[in-house]
Amino acid sequence: MNPPGARGCLITLEGGEGAGKSTHAIRLVRWLRQLGIKAILTREPGGSPGAEVLRRVLLSGQMASLGPAAEAILFGAARVDHIDRTVEPALSAGKFVVCDRFSDSTRAYQGAGGRLDPRFLRALERVTLGSLRPALTLIFDVPAAEGLARAGRRPSAAAGPDRFEAEDLEFHERLRAAFLAIAAAEPGRCAVINAARPEEEVAQAVRDVVASRLLAKAEREKVPNA
Ligand code: Z5A
(Lines give C-alpha, C1' and ligand atoms only; values in the text may rest on other atoms or scores of the structure.)
Protein backbone atom coordinates (compact mmCIF):
# COMPACT_ATOMS: atom_id res chain seq x y z
CA MET A 1 0.00 0.00 0.00
CA ASN A 2 2.95 2.40 0.56
CA PRO A 3 3.82 3.18 -3.08
CA PRO A 4 7.57 2.71 -3.79
CA GLY A 5 9.49 5.98 -3.79
CA ALA A 6 6.60 7.96 -2.27
CA ARG A 7 7.14 9.91 0.92
CA GLY A 8 5.20 8.74 3.99
CA CYS A 9 2.62 10.68 5.97
CA LEU A 10 2.91 12.19 9.41
CA ILE A 11 -0.26 11.84 11.52
CA THR A 12 -0.26 13.54 14.92
CA LEU A 13 -2.65 12.99 17.83
CA GLU A 14 -3.18 15.97 20.09
CA GLY A 15 -5.38 17.04 22.97
CA GLY A 16 -5.51 17.40 26.74
CA GLU A 17 -4.76 14.88 29.45
CA GLY A 18 -6.54 11.55 29.36
CA ALA A 19 -8.32 12.27 26.09
CA GLY A 20 -7.31 8.87 24.70
CA LYS A 21 -4.42 9.82 22.39
CA SER A 22 -2.11 6.98 23.42
CA THR A 23 -4.94 4.42 23.26
CA HIS A 24 -5.91 5.50 19.75
CA ALA A 25 -2.36 5.99 18.46
CA ILE A 26 -1.77 2.28 19.17
CA ARG A 27 -5.08 1.28 17.60
CA LEU A 28 -4.47 3.44 14.53
CA VAL A 29 -1.05 1.91 13.83
CA ARG A 30 -2.51 -1.58 14.24
CA TRP A 31 -5.29 -0.76 11.75
CA LEU A 32 -2.91 0.80 9.20
CA ARG A 33 -0.71 -2.30 9.35
CA GLN A 34 -3.78 -4.51 8.85
CA LEU A 35 -4.37 -2.53 5.65
CA GLY A 36 -0.84 -3.39 4.55
CA ILE A 37 0.53 0.09 5.23
CA LYS A 38 3.99 0.33 6.81
CA ALA A 39 3.56 2.49 9.89
CA ILE A 40 5.53 3.37 13.00
CA LEU A 41 4.29 4.58 16.37
CA THR A 42 6.19 7.30 18.13
CA ARG A 43 5.61 10.01 20.73
CA GLU A 44 6.62 13.38 22.07
CA PRO A 45 8.36 14.35 24.11
CA GLY A 46 10.55 11.38 23.26
CA GLY A 47 10.64 9.01 20.32
CA SER A 48 14.45 8.92 20.01
CA PRO A 49 17.12 8.08 22.62
CA GLY A 50 18.15 11.71 23.19
CA ALA A 51 14.59 12.99 23.29
CA GLU A 52 13.61 10.28 25.80
CA VAL A 53 16.31 11.62 28.15
CA LEU A 54 14.81 15.11 27.83
CA ARG A 55 11.31 13.64 28.35
CA ARG A 56 12.30 12.27 31.76
CA VAL A 57 13.73 15.62 32.85
CA LEU A 58 10.79 17.66 31.51
CA LEU A 59 8.05 15.50 33.00
CA SER A 60 9.81 15.28 36.37
CA GLY A 61 9.12 19.00 36.80
CA GLN A 62 12.81 19.78 37.43
CA MET A 63 12.76 22.30 34.60
CA ALA A 64 9.52 24.06 35.63
CA SER A 65 11.41 26.71 37.62
CA LEU A 66 13.17 27.82 34.40
CA GLY A 67 9.81 29.09 33.11
CA PRO A 68 7.72 28.27 30.03
CA ALA A 69 10.15 29.81 27.49
CA ALA A 70 13.03 27.58 28.59
CA GLU A 71 10.70 24.59 28.81
CA ALA A 72 9.47 25.28 25.26
CA ILE A 73 13.08 25.37 24.03
CA LEU A 74 13.77 22.02 25.71
CA PHE A 75 10.65 20.49 24.12
CA GLY A 76 11.98 21.95 20.85
CA ALA A 77 15.41 20.37 21.37
CA ALA A 78 13.76 17.00 21.97
CA ARG A 79 11.66 17.51 18.82
CA VAL A 80 14.72 18.25 16.65
CA ASP A 81 16.37 14.98 17.74
CA HIS A 82 13.11 13.05 17.31
CA ILE A 83 12.55 14.43 13.80
CA ASP A 84 16.16 13.83 12.71
CA ARG A 85 16.49 10.31 14.07
CA THR A 86 12.99 8.85 13.87
CA VAL A 87 10.40 10.86 11.95
CA GLU A 88 12.31 11.94 8.83
CA PRO A 89 13.98 8.54 8.21
CA ALA A 90 10.58 6.83 8.40
CA LEU A 91 8.87 9.39 6.14
CA SER A 92 11.73 9.14 3.64
CA ALA A 93 11.29 5.36 3.63
CA GLY A 94 7.63 5.88 2.66
CA LYS A 95 6.21 4.91 6.06
CA PHE A 96 3.27 6.43 7.91
CA VAL A 97 4.38 7.99 11.19
CA VAL A 98 1.75 8.09 13.95
CA CYS A 99 2.94 10.48 16.65
CA ASP A 100 1.34 10.77 20.10
CA ARG A 101 1.63 14.57 20.60
CA PHE A 102 3.75 16.92 18.49
CA SER A 103 4.21 20.67 17.94
CA ASP A 104 0.59 21.63 18.72
CA SER A 105 1.25 20.49 22.30
CA THR A 106 3.93 23.20 22.56
CA ARG A 107 1.46 25.76 21.23
CA ALA A 108 -1.17 24.65 23.76
CA TYR A 109 0.87 23.84 26.89
CA GLN A 110 3.67 26.42 26.72
CA GLY A 111 1.65 28.91 24.63
CA ALA A 112 -1.86 28.97 26.07
CA GLY A 113 -0.92 27.19 29.32
CA GLY A 114 2.34 29.04 29.98
CA ARG A 115 1.09 32.27 28.35
CA LEU A 116 4.11 32.53 26.04
CA ASP A 117 4.20 35.12 23.29
CA PRO A 118 2.88 33.53 20.06
CA ARG A 119 5.71 35.21 18.09
CA PHE A 120 8.26 33.36 20.21
CA LEU A 121 6.44 30.09 19.59
CA ARG A 122 6.19 30.68 15.84
CA ALA A 123 9.94 31.38 15.68
CA LEU A 124 10.68 28.22 17.69
CA GLU A 125 8.39 26.18 15.45
CA ARG A 126 10.20 27.51 12.36
CA VAL A 127 13.59 26.39 13.61
CA THR A 128 12.48 23.04 15.02
CA LEU A 129 10.16 21.89 12.22
CA GLY A 130 11.69 23.52 9.15
CA SER A 131 9.27 22.65 6.35
CA LEU A 132 7.87 19.55 8.09
CA ARG A 133 4.11 19.66 8.81
CA PRO A 134 1.75 16.85 9.81
CA ALA A 135 -0.41 15.66 6.93
CA LEU A 136 -3.21 15.19 9.45
CA THR A 137 -3.66 16.21 13.08
CA LEU A 138 -6.39 14.55 15.12
CA ILE A 139 -7.45 16.77 18.01
CA PHE A 140 -8.97 14.62 20.76
CA ASP A 141 -11.54 16.74 22.53
CA VAL A 142 -12.93 15.88 25.94
CA PRO A 143 -13.98 18.10 28.89
CA ALA A 144 -10.88 18.70 31.00
CA ALA A 145 -12.43 17.23 34.16
CA GLU A 146 -13.34 14.00 32.35
CA GLY A 147 -9.84 13.70 30.83
CA LEU A 148 -8.17 14.22 34.20
CA ALA A 149 -10.49 11.66 35.81
CA ARG A 150 -9.57 9.10 33.12
CA ALA A 151 -5.85 9.85 33.56
CA GLY A 152 -6.28 9.37 37.31
CA ARG A 153 -7.73 5.88 36.77
CA ARG A 154 -4.70 4.61 34.78
CA PRO A 155 -2.44 2.15 36.64
CA SER A 156 0.49 4.60 36.17
CA ALA A 157 -1.46 7.22 38.19
CA ALA A 158 -0.29 5.47 41.37
CA ALA A 159 3.09 7.19 40.86
CA GLY A 160 1.36 10.59 41.28
CA PRO A 161 0.66 13.39 38.76
CA ASP A 162 3.47 14.55 36.44
CA ARG A 163 4.55 18.15 35.84
CA PHE A 164 1.45 19.07 33.79
CA GLU A 165 -1.18 16.79 35.31
CA ALA A 166 -0.55 18.64 38.57
CA GLU A 167 -1.80 21.97 37.10
CA ASP A 168 -5.31 23.15 38.08
CA LEU A 169 -8.56 22.63 36.14
CA GLU A 170 -8.53 26.19 34.74
CA PHE A 171 -5.11 25.47 33.12
CA HIS A 172 -6.51 22.32 31.53
CA GLU A 173 -9.64 24.12 30.25
CA ARG A 174 -7.32 26.72 28.66
CA LEU A 175 -5.47 23.88 26.91
CA ARG A 176 -8.74 22.47 25.60
CA ALA A 177 -9.73 25.87 24.19
CA ALA A 178 -6.26 26.24 22.64
CA PHE A 179 -6.43 22.88 20.86
CA LEU A 180 -9.91 23.73 19.51
CA ALA A 181 -8.61 27.11 18.32
CA ILE A 182 -5.74 25.40 16.46
CA ALA A 183 -8.25 23.08 14.77
CA ALA A 184 -10.47 26.02 13.80
CA ALA A 185 -7.51 27.96 12.40
CA GLU A 186 -6.16 25.03 10.33
CA PRO A 187 -9.16 22.94 9.24
CA GLY A 188 -7.24 21.50 6.28
CA ARG A 189 -4.68 19.88 8.58
CA CYS A 190 -6.77 19.23 11.70
CA ALA A 191 -9.86 17.18 12.51
CA VAL A 192 -11.57 17.34 15.89
CA ILE A 193 -12.49 13.95 17.34
CA ASN A 194 -15.22 13.94 19.99
CA ALA A 195 -13.31 11.77 22.45
CA ALA A 196 -16.00 11.81 25.17
CA ARG A 197 -17.72 8.89 23.42
CA PRO A 198 -17.05 5.20 24.17
CA GLU A 199 -13.65 3.93 22.97
CA GLU A 200 -15.02 1.89 20.03
CA GLU A 201 -16.92 4.87 18.64
CA VAL A 202 -13.84 7.05 18.92
CA ALA A 203 -11.73 4.40 17.14
CA GLN A 204 -14.26 4.30 14.29
CA ALA A 205 -14.24 8.10 14.02
CA VAL A 206 -10.43 8.05 13.78
CA ARG A 207 -10.48 5.41 11.05
CA ASP A 208 -13.14 7.36 9.12
CA VAL A 209 -11.12 10.58 9.17
CA VAL A 210 -7.84 8.88 8.20
CA ALA A 211 -9.56 6.97 5.41
CA SER A 212 -11.32 10.00 3.96
CA ARG A 213 -8.53 12.55 4.40
CA LEU A 214 -5.42 10.47 3.67
CA LEU A 215 -6.04 7.03 2.24
CA ALA A 216 -8.58 8.11 -0.41
CA LYS A 217 -6.21 10.91 -1.43
CA ALA A 218 -3.20 8.56 -1.61
CA GLU A 219 -5.25 6.20 -3.79
CA ARG A 220 -6.24 9.06 -6.14
CA GLU A 221 -2.63 10.28 -6.41
CA LYS A 222 -1.13 6.86 -7.16
CA VAL A 223 0.81 7.05 -10.42
CA PRO A 224 -0.45 4.27 -12.65
CA ASN A 225 2.25 1.76 -13.65
CA ALA A 226 3.60 2.59 -17.05
N1 Z5A B 1 4.00 18.46 26.58
C2 Z5A B 1 4.24 19.83 26.56
O3 Z5A B 1 4.00 20.51 27.55
N4 Z5A B 1 4.76 20.38 25.44
C5 Z5A B 1 5.06 19.66 24.33
O6 Z5A B 1 5.53 20.23 23.33
C7 Z5A B 1 4.78 18.25 24.37
C8 Z5A B 1 4.27 17.69 25.52
C9 Z5A B 1 5.08 17.40 23.17
C10 Z5A B 1 3.47 14.36 28.04
O11 Z5A B 1 2.80 13.47 28.85
C12 Z5A B 1 3.29 15.72 28.69
O13 Z5A B 1 4.16 16.64 28.06
C14 Z5A B 1 1.90 16.21 28.47
C15 Z5A B 1 2.04 17.50 27.71
C16 Z5A B 1 3.47 17.84 27.81
N17 Z5A B 1 1.25 16.52 29.65
N18 Z5A B 1 1.08 15.82 30.61
N19 Z5A B 1 0.94 15.23 31.53
P20 Z5A B 1 2.57 11.95 28.50
O21 Z5A B 1 3.03 11.65 27.13
O22 Z5A B 1 3.07 11.15 29.61
O23 Z5A B 1 1.09 11.78 28.66
P24 Z5A B 1 -0.01 12.41 27.86
O25 Z5A B 1 0.31 12.61 26.44
O26 Z5A B 1 -0.35 13.61 28.66
O27 Z5A B 1 -1.10 11.34 27.96
P28 Z5A B 1 -2.42 11.70 28.52
O29 Z5A B 1 -2.89 12.96 27.87
O30 Z5A B 1 -2.36 11.72 29.99
O31 Z5A B 1 -3.39 10.57 28.11
P32 Z5A B 1 -3.93 10.14 26.67
O33 Z5A B 1 -2.84 9.52 25.90
O34 Z5A B 1 -4.68 11.21 26.01
O35 Z5A B 1 -4.99 9.06 27.13
P36 Z5A B 1 -4.84 7.46 27.26
O37 Z5A B 1 -3.63 7.15 28.12
O38 Z5A B 1 -4.97 6.83 25.96
O39 Z5A B 1 -6.17 7.16 28.07
C40 Z5A B 1 -6.31 7.55 29.42
C41 Z5A B 1 -7.21 6.52 30.13
O42 Z5A B 1 -8.54 6.62 29.63
C43 Z5A B 1 -6.76 5.05 29.90
O44 Z5A B 1 -7.00 4.33 31.07
C45 Z5A B 1 -7.67 4.59 28.77
O46 Z5A B 1 -7.92 3.20 28.82
C47 Z5A B 1 -8.96 5.37 29.07
N48 Z5A B 1 -9.72 5.70 27.85
C49 Z5A B 1 -9.26 5.96 26.61
N50 Z5A B 1 -10.28 6.24 25.77
C51 Z5A B 1 -11.40 6.18 26.52
C52 Z5A B 1 -12.79 6.37 26.22
N53 Z5A B 1 -13.21 6.71 24.98
N54 Z5A B 1 -13.67 6.25 27.22
C55 Z5A B 1 -13.26 5.92 28.47
N56 Z5A B 1 -11.96 5.70 28.82
C57 Z5A B 1 -11.05 5.83 27.84
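Things worth noting here:
- In the chain, inverting the average of 1/r over every pair of distinct C-alpha atoms gives 18.0 Å as the Kirkwood radius.
- Angle in degrees between helix 144-153 and the longest Cα principal axis of the chain, rounded to the nearest 10: 90
- Note, ³J(HN,Hα) from phi for the range 109-124, Karplus 6.51, -1.76, 1.60, rounded to Hz, x at Gly and Pro: 6, 7, x, 5, x, x, 6, 7, 4, x, 5, 4, 5, 5, 5, 5
- Under-5 Å amide H pairs with residue 61, H placed in peptide plane, nonlocal only: 163
- Across all directions, the average projected area of the convex hull around the alpha carbons of the range 95-196 is 7.6 nm².
- Applying Stokes-Einstein at 20 °C and 1.002 mPa s to the Kirkwood radius of the range 49-138, computed over alpha-carbon pairs, gives a translational diffusion coefficient of 157 µm² s⁻¹.
- Summarising the amide proton neighbourhood of residue 15: residues at separation of 5 or more, or on other chains, whose placed amide H is nearer than 5 Å comprise 140.
- Under the Karplus curve 6.51 cos²θ - 1.76 cosθ + 1.60, θ = phi - 60°, whole-Hz ³J(HN,Hα) for the range 21-26, x wherever Gly or Pro sits: 4, 5, 4, 7, 5, 5
- Annotation: for a label point projected 7 angstrom from Cα along Cα→Cβ of residue 185, residues of the range 81-117 with backbone N closer than 18 Å are 102-117.
- Amide H partners (placed H, <5 Å) of residue 94, local residues excluded: 8
- For the range 103-226, the fraction of 1.4 Å probe accessible surface lying on carbon and sulfur atoms is 56 percent.
- For the range 45-58, 3J(HN,Hα) per residue [Karplus equation, 6.51 cos²θ - 1.76 cosθ + 1.60, θ = phi - 60°, Hz, x = Gly/Pro]: x, x, x, 8, x, x, 5, 5, 5, 5, 4, 4, 5, 5
- Taking the Kirkwood radius as Rh and the Cα radius of gyration as Rg, the range 8-60 has a ratio of Rg/Rh equal to 1.02.
- Rounded to the nearest 500, the 222 nm mean residue ellipticity of the chain from helices alone is -14000 deg cm²/dmol, with -39,500 (n - 2.57) taken per DSSP H run of at least 4 residues.
- Sum of side-chain charges, residue 39 neighbourhood, beta-carbon under 11 Å (Lys, Arg +1; Asp, Glu -1): +4
- The accessible surface of the range 12-63, taken with every protein chain in place and a 1.4 Å probe, is 56 percent carbon and sulfur.
- The angle between the Cα long axis of helix 169-185 and the longest principal axis of the Cα atoms of the chain comes to about 30 degrees, rounded to the nearest 10.
- Taking 20 Å as the straight-line reach from the Cα of residue 217, the lysines in range (excluding those fewer than 8 positions away in the same chain) are 38, 95.
The values are calculated or read from the model by the stated rules, or taken from the named source; none is laboratory data. None of these values were measured; they are calculated from a predicted model. All Cβ positions, glycine included, derive from the backbone under ideal geometry; neighbour counts span all protein chains shown. Remember, those area values only see protein heavy atoms, side chains included, never the ligands or the DNA or RNA. Shrake-Rupley method; radii C 1.70, N 1.55, O 1.52, S 1.80 Å.
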